[in-house]
Every structure is written in structure tokens, then in C-alpha cells.
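Scroll down for the structure; my scribbles are underneath it.
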Amino acid sequence: MRNIVILAGSSHPILAEQIASRLGEPLGRVELSKFSNKETNVEIRESVREKDVYIVQSGCGHVNDNLMELLIMISACKTASAARVTAVIPCFPYARQPDAPYKRNGAMLSRIPKNAFFGYTFDSTPVNSMPPSPSVETRDPFTAALSRIEENSSSSSISPTDNNRSGHCGTQTPTNQFGGYKHWIARSGTLVANLLTCAGADHIMTMDLHDPQFQGFFDIPVDNLYGQPLMIKYIKENIPNWAQAVMVSPDAGGAKRATAIADILRMDFALIHKERRSQHQPHKSDMMLVGHVKDKVCILIDDIADTSITITKAARVLVDNGAQKVYAIITHAIMSGDAIKRIQSSVIDQIIVSNSIPQEDHLQQCLKIRVFNIAPIFAEAIRRMHNGESVSALFNVTDLI
């Protein structure tokens, strides 16, 4: 391949070496280091002028440092007159953080206090602002509902002095101990997309974004490769009697991903649903199985395993309902905190993960972990992109990898 340079960041050099080896190209020479104050230093040691540059950097380990290193590498290549710079990010960082503290069903996220929104009004004004004129009627669509909530609540309302101190003027409105302000969350997804674009990236290549709509944050092309062909290939080659197994999604959000694989393999499908039954503890959910798994081999499918709480609880539900054996296939196995110990002590018989994140330490700590290699699909995608061929063929065809 002519006029191509593959550079490796410090997050996953082994994967970058495997991709380059698959393409028959040597890794480009780049020196990555830290100054004494921990600032990142990047030196490109070969010419990238008018070349097609691919920088492999996964969003794992020290995520913030690796992201900054990727940005500097992209900028350095553009400054050195690279024709095109593609950021190859197998595990995309900051892709899980939502833009609003709500779930799809309208419920607040568990990390937000359940009463955080009570008392919020649109007529909140700064402390030094003048109160509204008595002749002007202030209509608040939430006032009636909030009044009913306060009447049913056993807690007493705050005093007018505290209300003024909180920055509320004019007509007194129900507030609470959290200050009566609505919670807002930074749009980190948009920020990361803008950073990559401003650094000079011309193209993004990643795999199994947690939310496919994340691609809409970019003004440049994004290729979101699927781990589905690799999962199907592993199931056919390594799981005995897979045709009689049941494909299971550990939550409703991953149902589409699991059903797609189940349809291709013509397997049965089951879903684990989180149901909130308690009114006193609305953030505590009960896991309920939808489907039949008695005396069946179950295969859990998910895109990310961080603390592994969801996947291990789902496996317990399956075993309690008579599952004979439980496999779990994960694309991005972050395994932070006590995740490895949690998996080791769980009822999961085997967990299969990709090498989008380095797994060498995890393999030594847990004997249940198996790894499938994503380097072939990224190498094929890079080859096709460099030669101007279609990448969509990689979404379903497994014989290419």
C-alpha cells in the first residue's frame, strides 16, 4: 500500500501492531513522552507529507491523557502536511455520558437525587434583580403540580429569608433542600467531537458506539464498525450446540443488538427487564426475565462491561430461572474497580471480550475470560478506506475477516 502511515498511541500499542501487521505495513515512528509536569510530548519521526495517516488510540486506561495525546498527534500530522488524518478509536471515550439526566422512559438517572427537580420554577431571578411588577401575572406551568407535591410531603417549606438567600424573588414558590434549581449536565459528547474536529481529524473510525446517535455530534465522516460479525464467528466456532442456545439481552437498551444476532443465527431470544416496583425506593429496580431459559445454554450480549454489575446480576437471574450454562460476550470490557473479582465469583461460566481494550492483565486475574481479536476487521476497514472501497460490506460478512 502506497502513501499510508499507521501510528500507534500509547493506549494500545499491541492492537496497533496487529493492525499494521495485517496490512503488511510497519508502524510509523513516533516518540511519545511526558514532561516533568506530566504534559504530553509528541514527536513524529518520519515524513507524513501528502500521506494517508491512521492513528490508533483506544479510549481506555488513563482516558483523559490518552485523549489529549490523540489530539496532539492529529494536530502534529496536520501541521506536517498530511493529506488525510483518520483517528482509529476502537473504544470511543465519553460515549456513555448522556446529554440530559433522563432515561428514555422519562425517569431521572439514578445518580440524580430523586427530589432534585422539585421546586424548580422558570421565574427564578438573580439576587440583585428587581421583583416583578404586581400588575404582571407570572404563570408557571409547574406551580400547581409542585403545590400538590408540597402538600403531600411531610417536609416543611423553607422560610422567606432562606428563599431570598437562594436567589428567588417575587411570588414565593415551593423549594426544597437542594436549592430548587434544575440539574444540568455538560454535553461532553459534543465537546469531544469538536475537539477531534478542531485538532484536524478528517475521519473517525470506531466500533460499537454505546449510542449510535453519537455520530451526529460530528461534522466529519464516522465509520462505526460492528462487532456483531466477530461475535457470530466466535459463537459458531467455540460454543457447542449453539443452535439450541438462547440469546439474551441484559437490559432493554441492548435488545436490538441481541435480537439482530439471534435473527441471523435463528436462535431463541430472551430479555432481562429492570422493573421499578417500589414507590418508596424508585431507584431500586428488580430484574425480571422475559422468555424461557430452563435447561438452556444462554448467551448474554452487551457492548460495554465496566463494573460488571449488570452482566453478573443478569447471569444470576438466568441461573435462578433454570439456565444450564451462561456465556457472556462483550465488545468493550473496561473491567474497572472490582469487576474482575465480581466476574470470578459470579455464575458466568465464560466471558468473551474483544481486545479493543488491553486484556493481558485481566486474563491473568480471571480464568473465565476469553478474547476475540478485532484487528482483522479494523485492518480490512483501513485497507478499504485507503483504496476508496466500500466499508459497509464489513457489517455482515464474516469471511472477509
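The values are calculated or read from the model by the stated rules, or taken from the named source; none is laboratory data. What you are looking at is a predicted structure, and each value in this text was computed from that prediction instead of being measured. Here the Cβ positions follow ideal geometry from the backbone for every residue, glycine too, while neighbour counts run over all protein chains shown. SASA here: full protein model, heavy atoms, side chains in, ligands and nucleic acids out. Shrake-Rupley method; radii C 1.70, N 1.55, O 1.52, S 1.80 Å.
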| Restricting attention to segment 239-260, which residues are open to solvent by less than 10 Å² (accessible area, probe 1.4 Å) and either touching a Phe, Trp or Tyr at 6+ places or on another chain (Cβ under 9 Å) or touching a residue at least 60 places away in the same chain (Cβ under 8 Å) (or both)? | I239, A245, V246, M247, V248, S249, P250, A258
| task | Could you list all residues from segment 288-314 that are more than 23 Å from H362 (Cβ to Cβ) and either part of a loop (DSSP other than H, G, I, E, B) or open to solvent by 50 Å² or more (accessible area, probe 1.4 Å) (or both)? | result | M288, V290, G291, H292, V293, K294, D295, K296
| task | Would you be able to tell me the number of residues in segment 330-346 that are closer than 22 Å to I89 by Cβ and assigned to a loop (DSSP other than H, G, I, E, B)? | result | 3
| query | Which of the following residues is over 20 Å from M207 (Cβ atoms) and modelled with pLDDT of 95 or more: A83, A87? | reply | A83
| query | Could you say whether any residue in segment 340-360 is open to solvent by less than 10 Å² (accessible area, probe 1.4 Å), aliphatic (A, V, I, L, M), at negative phi and touching an Asp or Glu at 6+ places or on another chain (Cβ under 8 Å)? | reply | no
| query | If S11 satisfies every condition in (1) closer than 22 Å to C91 by Cα; (2) open to solvent by 60 Å² or more (accessible area, probe 1.4 Å) but one, which is the exception? | reply | (2)
| said: Is it the case, given these coordinates, that L367 is free of Cβ contacts under 8 Å to residues at least 40 places away in the same chain, over 20 Å from G61 (Cα atoms) and not basic (K, R)? | reply: yes
| Is one or more of the residues making up segment 219-238 modelled with pLDDT under 90, assigned to a strand (DSSP E or B) and either touching a strand residue (DSSP E or B) at 6+ places or on another chain (Cβ under 8 Å) or open to solvent by 20 Å² or more (accessible area, probe 1.4 Å) (or both)? | no
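Condition check ((1) among the β-branched types (V, I, T); (2) surrounded by 17 or more Cβ atoms within 10 Å (Cβ to Cβ); (3) out of contact with any helix residue (DSSP H, G or I) (no Cβ under 6 Å at 6 or more places or on another chain); (4) in a strand (DSSP E or B)) across all residues:
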site	(1), (2), (3), (4)
A20	no, yes, yes, no
S36	no, no, yes, no
V53	yes, yes, no, yes
S58	no, yes, yes, no
M68	no, no, yes, no
| request: Could you tell me whether segment 315-329 includes any residue that is at pLDDT 95 or above, under 26 Å from V63 (Cβ atoms) and part of a strand (DSSP E or B)? | output: yes
| query | Across segment 263-314, which residue is modelled with the lowest pLDDT among those that are under 13 Å from I348 (Cα atoms) and among the aliphatic types (A, V, I, L, M)? | reply | I309
| said: Could you tell me how many of the residues in segment 336-350 are closer than 24 Å to Q228 by Cβ and either among the charged types (D, E, K, R) or in contact with a helix residue (DSSP H, G or I) (Cβ under 6 Å, 6 or more places away or on another chain) (or both)? | reply: 2
